[in-house]
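What follows is a short report on a single structure.
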Amino acid sequence: MALDPQLLEIITCPDRHRAPLVHDPATATLNCPECGRAFRIEDDIPVMLLDEARTAPAGSHHTDQEEDR
Ligand SMILES: [Zn+2]
């Protein structure tokens, strides 16, 4: 399975920050370093829906977010 490199170059997070996504072949996802979302790839087509994206589990990597509890 190979994603189009040209597609990878132009693909950005659908969220407001429009950060370039990073392809992770191990999990077959496109990861957004800005918001931590992971967009899955189905049949070589990235599912670029915010509703379908997974967010990184809390604590999996450090963020600047404060705990509000
Ligand atoms: Zn993002």
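The values are calculated or read from the model by the stated rules, or taken from the named source; none is laboratory data. In this text the structure is predicted, and so the values were computed from the model without any measurement. Heads up, the Cβs are rebuilt from the backbone with ideal geometry, glycines too, and the neighbour counts pull from every protein chain shown.
Annotations for the structure displayed:
- Scan of the stretch 1-24 for residues that are outside any loop (DSSP other than H, G, I, E, B) and within 12 Å of the ligand (Cβ to nearest atom), ordered by number: T12, P20, V22
- Restricting the first member to the stretch 19-39 and to residues that are aromatic (F, W, Y), and the second to residues that are assigned to a loop (DSSP other than H, G, I, E, B) and away from the ligand (no atom under 12 Å from the Cβ), the beta-carbon pairs closer than 9 Å and six or more apart or on different chains are F39/V47; F39/L49; F39/E52.
- Flag if D68 is modelled with pLDDT under 85 and acidic (D, E): yes
- Scanning the stretch 25-54 for residues that are under 9 Å from the mean Cα position of the chain (by Cα) and not in a loop (DSSP other than H, G, I, E, B) turns up T29, L30, N31, R37, A38, F39, R40, R54.
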